[in-house]
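What follows is one structure encoded as C-alpha cells, with my remarks underneath.
The values are calculated or read from the model by the stated rules, or taken from the named source; none is laboratory data. Quick caveat: nothing in here was measured; it's all calculated off a predicted structure. Please note: Cβ atoms are built from the backbone with ideal geometry, for glycine as well, and neighbour counts cover all protein chains shown. Heads up: the accessible areas ignore ligands, DNA and RNA and are worked out on the full protein's heavy atoms, side chains in. Shrake-Rupley method; radii C 1.70, N 1.55, O 1.52, S 1.80 Å.
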Amino acid sequence: MVYRYTGIAAGAILALTLFQLSGLLRPTADGPPWQFVILAGLALGAVITWTGLTYRLPIWVVGLINFVALLLVSFRIATPSTLNFLVPTAESVTAMGNQLSQAMAIIRNGIEPVIPVSGLVVIVNVVYWAVGAVTAYALVRGRPALAVVPGLVLSLQFATMDRSPTGLGRIVVFLLLLAGAVLAVTVDQRAATAGRMAHASGKRSRGGIVGPATSAALAFTVLGSVLAVGALGSSVPYDGVVTWRAATGLTGTYYGSVSYNPFVGIQQSLVTQSTTPLFQARIRGDVSADHVYFRLLTLDTYEGGKFYANRPEVEPLETNEWETAGHRFAGPSARVTTDIIIDRLQMEWLPAAYTPVDVPADSAPAAFVGSVRVRKDDASLILDGGLSYPDLRYTVTSDVPQPDLAVLAGDTEGALSPLFAAAAADDAPVPLPLAAPIREEPPNVERYLQVPEELDSSIAVLARQQTVNLATPFERGLALEAWFRSDAFRYTTDIPPGHGATDLAAWLLDPESNFYRSGYCENFATSMAVMARTLGIPSRVVLGFTPGERTEFEDVVVVRDRNAHAWVELWMPSQGWVRFDPTPRQDRINPTTGSDVATELGFDPVQYFDQIPDPGFTPGSDVPPRFFDPAEIPDEDLTIDPSAFDAPIGGGGLGIPGWLQPFAALAVLAVLLAGGIPVLKWWRRSRRMARLRHGDVTAAWEEIVARLTDLGEEPSAALTPEELAARVDPAMQPLATVYGRAVYGPPQPTPGEHVATATTALEQTTGRLAGRYSAMQRVVAWYRPASLMPSWMRRLRDR
C-alpha cells in the first residue's frame, strides 16, 4: 500500500525542520554545504530502508546495512584525511572522538547560530539519517502515523533550541502542517481499511484510524503547548538561566569552543548588565590596577556584517616568541604581573592583561600549563581542549602598550601632524615631534584591510568626511573615536543582537532605519573598524573586559559580567596596534584614547578638529587626486539640456510583431521568475535606487557601471569618470560631474539639484543604451552574471 498523502505531509514537515535548522547553524565556510550533507543522509537512510524492506530483507539486516553505511559516511565527514581507502583507522577513531566531544560542548552551551563543525554535522546527519529510515519503514510497513512523528518531534526540538522569539507565522505554519499530517494519516488509513470484513460483534474494524478522543487530546496538547510557548517565551531570558555562557566569537572554519563572548552573545551579557563576578585579579607593576584592560582575543576578518578570527595560529607555551615580530608593539610598554582567580568564567580563551609575555610554570598546575597555547598574532592564551573552571589560579606577566605621543603627534618627516600643529598654533603644550622609523606592515595585512566588495560606497565617503584634512592614522583614529562618542550616537542595549552590524550603511546613514545610530559595543566597534579600513588603516576588533572595579585591597580588582566589552585596534606605522574605544557606554568604564591623550598632555585634541586648514589634495597623498575641480563648475552647468540629444530615447534594434508580443512577454516573465540572476540584479538595483532617493549620487554611478558591464562593455579601472562618460555617451557627462563632486569634493550635504541631475542623467543614459542595443541583447544582459562577479574573478577571467 502506498501512503501518498502521508509521504507528502512527512516531506513538508522535514522541509520545515531544515528551514529551522538553517537558523541554528551558520553557513559552511569550506567544503560542501552542510545542507547538502544532511539531505544526502536523509535520502540514503530512506532509500536503503525502502529498498531493503521492498526486497523482504530481515529488519536486522536492513539496520545493519544502515549502520555500516552511516559509520563510513560519518568518518568521511569528520576525519577524511585519516581514512585508508574509506576504511577508518585508529587515528580516525581518536579524531572522531575529539570532533564529537567538541560538538557536544557546542550543543550544551552554544548560542545559535553556531559553527557547523564536522562533529556537529555528523550528529545532525545521524539524526536525519535515522528520520529518513524510520519514515521509509513506517510507509512500507503500513504505519503512516509513525512516518510523521519524527519530523514533528524534530521541529519542536529545533524550536526549543532556537532562542529567538517564535513568530506568529511559524506557529501558524507548524499548526497547518500538524493538521495536514493528521488529515493525511486519517485519509490514507481509511483508504487502506476500505472493504475490511466486519467484526463478529457487528462492529466494523477501525483499522488503526485515529479516533475522535485521541485526535482531540493530541490537538489540545500540541496546540496548548505551541500557544503557551509563543505567549510566555518572551519572559524567559534569551540566554536561559546561565547568564555567563555564550557561543564563541570564532566563526568561519575555526572553533574556539565555548566562550564568554560579548560579541556573538552580546545580548545576554550587556542587556542584563549583571554583576556576576567572572574573575578576580591582583595586579602588580607599572599600571594602576583599575586601568588595565583584559584581552581575550582579536577578530581580524570582516565578512557577513561581522568580524571573526580566521584560522588563528596557536603554538605550545614553550615558545621563544610569544607574539610575531610583525605584530609586536614597537613603542614603550609598562610591565605588570597579574594573579588571576577564575570565579564564574568558563571558556577556552583565558583573560590576560593585554599582551602576555610569560606564564610562570609554578603559577598553576602542571597539567594546566602544559595545555596552554599562545596565539601568534596577539599573544592571547587558549586552553587546548579544555575550559577554565572555578577557583582556577594562574599568573601572567604582560606588557601593556604605552603609545608615545611624541611619535604619534608627528608625520613621517618628524613634523607635527595637522591636528597637533593646529593645537601648537593655539599655544597648547604639544610635545616636540620625534621622527620614528616606519616599520613594516603586519603579516598578511590584507586581512586587516579587507572589506566586502558589496560594501556600500557611502560608508567610505562618510569616513573621509569625518577625517577631512587629517593626515596620519593616529589623528584619524582620534577623529573617528570622538565622532562615535559624540551626541550623534546613543548607547542602548534594547535592540536585537547583531542589529547594525549586518546592515552597516543603514545604521550609519539612514535616519529612517530602525535603531539609527543606536546600539552597543558590537555596532560601534564594527563600524569604526570598517570605516578605518576604507581609509587604508589596518584595523581589528578586540574582545575582552574593561578595567575591573577595585576591592578593599588596593591592588585587587574584580571583573564582572558588565565589564564584557569590544573595542578597536588600529595599526600605527611607527608604533604598532593602538587601542581606540568608540562605544559611548553609559557607565563610562571604558576611557577613550582621546581622553588618555588629554590627560597626558593637559589639553583635549578634539577641540582642534575644526581649526585645521584645508591643505588641498597633493600628489603622492593616500587620497586619489581629483580629475577636475568641482568648485570651478557652476551649479547651473549641472542641468541637462534636452536639445543635446538628437537621437530618440529608447527603442531601436530588433522589433517584435504585435501578435507575438504577448507570447514574448510571457516567455520573458517565465525566465525572470525561474532565474535567480535577474532577481538578484533587480534587488541590487532597487537598493541603489533607494540610496539615490536618499541623496547618495554614487548609487546612480554604480548602477550605470553595472549595466555597462552586463551589456559587455565593462569599464576599465584606469578611466576617470569624465573619461568613461566621454566614451559611453554625452548623457552620462552630468552624472560623472555630480559623482566626482560627491566623492572628491569638500564634505557637505548633497544638494537636491545634484540628486535630480544624477537621476535624470541615469534615465537619459539608460534610454540611450536601450536605443543602442537590440531587445535580445538587453534580455541577455539580464542573465549575464558579469556585474555580480567579484573583482578577483573578473581579473582571472580576463587573464
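Is it the case that the range 116-126 has a residue that's under 16 Å from ILE13 (Cβ atoms) and either part of a helix (DSSP H, G or I) or open to solvent by less than 20 Å² (accessible area, probe 1.4 Å) (or both)?
Looking for residues that are under 16 Å from ILE13 (Cβ atoms) and either part of a helix (DSSP H, G or I) or open to solvent by less than 20 Å² (accessible area, probe 1.4 Å) (or both), one finds none in the range 116-126, hence no.
Take the conditions open to solvent by less than 60 Å² (accessible area, probe 1.4 Å), among the aromatic types (Phe, Trp, Tyr) and within 22 Å of ALA130 (Cβ to Cβ) and apply them to TYR55. Does it pass?
Details: open to solvent by less than 60 Å² (accessible area, probe 1.4 Å): no; among the aromatic types (Phe, Trp, Tyr): yes; within 22 Å of ALA130 (Cβ to Cβ): yes.
Spelling it out, it is not the case that TYR55 is open to solvent by less than 60 Å² (accessible area, probe 1.4 Å), among the aromatic types (Phe, Trp, Tyr) and within 22 Å of ALA130 (Cβ to Cβ).
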Filter the range 652-702 for residues that are out of contact with any Phe, Trp or Tyr (no Cβ under 8 Å at 6 or more places or on another chain) and of a type in the set (Phe, Trp, Tyr); the one that is modelled with the lowest pLDDT is TRP659
Scanning the range 694-722 for residues that are in contact (Cβ under 8 Å) with a residue 60 or more places away in the chain and more than 26 Å from VAL779 (Cβ to Cβ), the one surrounded by the most Cβ atoms within 10 Å (Cβ to Cβ) turns out to be VAL697
When (1) at pLDDT below 80; (2) open to solvent by less than 10 Å² (accessible area, probe 1.4 Å) are applied to THR319, the one that fails is (2)
Filtering the range 164-176 down to residues that are among the aliphatic types (A, V, I, L, M) and open to solvent by less than 40 Å² (accessible area, probe 1.4 Å) yields ILE171
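I'd like the residue in the range 303-341 that is among the acidic types (Asp, Glu) and within 26 Å of VAL559 (Cα to Cα) and, out of all such residues, is nearest to the chain's Cα centre (by Cα).
Of the residues in the range 303-341, the ones among the acidic types (Asp, Glu) are 303, 313, 315, 318, 321, 323, 339.
This time we only want the ones that are within 26 Å of VAL559 (Cα to Cα), so: 323, 339.
Values: GLU323: 27, ASP339: 35 Å.
If we take residues in the range 303-341 being among the acidic types (Asp, Glu) and within 26 Å of VAL559 (Cα to Cα), then GLU323 is nearest to the chain's Cα centre (by Cα).
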Only unsatisfied item for ARG56, checking (1) part of a helix (DSSP H, G or I); (2) modelled with pLDDT of 85 or more, is (1)
The number of residues in the range 461-471 that are open to solvent by 20 Å² or more (accessible area, probe 1.4 Å), closer than 18 Å to PRO538 by Cα and assigned to a helix (DSSP H, G or I) is 3
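How many residues does the range 472-489 contain that are open to solvent by 10 Å² or more (accessible area, probe 1.4 Å) and in contact with a Gly (Cβ under 7 Å, 6 or more places away or on another chain)? Talk me through it step by step, then tell me what you get.
First, the residues of the range 472-489 that are open to solvent by 10 Å² or more (accessible area, probe 1.4 Å): 472-473, 476, 482-483, 485-489.
Still in the list and also in contact with a Gly (Cβ under 7 Å, 6 or more places away or on another chain): 482.
Going through the range 472-489 one residue at a time, the tally reaches 1.
Could you say which residue among SER458, SER380, SER398, SER388 is under 30 Å from ARG517 (Cβ atoms) and of a type in the set (S, T, N, Q)? Show your work before the answer.
On the way: SER380 fails: under 30 Å from ARG517 (Cβ atoms); SER398 fails: under 30 Å from ARG517 (Cβ atoms); SER388 fails: under 30 Å from ARG517 (Cβ atoms).
SER458 is the lone residue from the list that is under 30 Å from ARG517 (Cβ atoms) and of a type in the set (S, T, N, Q).
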- Query: Quick check, is THR6 polar (S, T, N, Q), open to solvent by less than 60 Å² (accessible area, probe 1.4 Å) and part of a helix (DSSP H, G or I)?
  - Reply: yes
Considering the range 130-163, residues that are open to solvent by less than 50 Å² (accessible area, probe 1.4 Å) and outside any helix (DSSP H, G or I), and then whichever is farthest from TYR55 (Cα to Cα), we arrive at ASP162
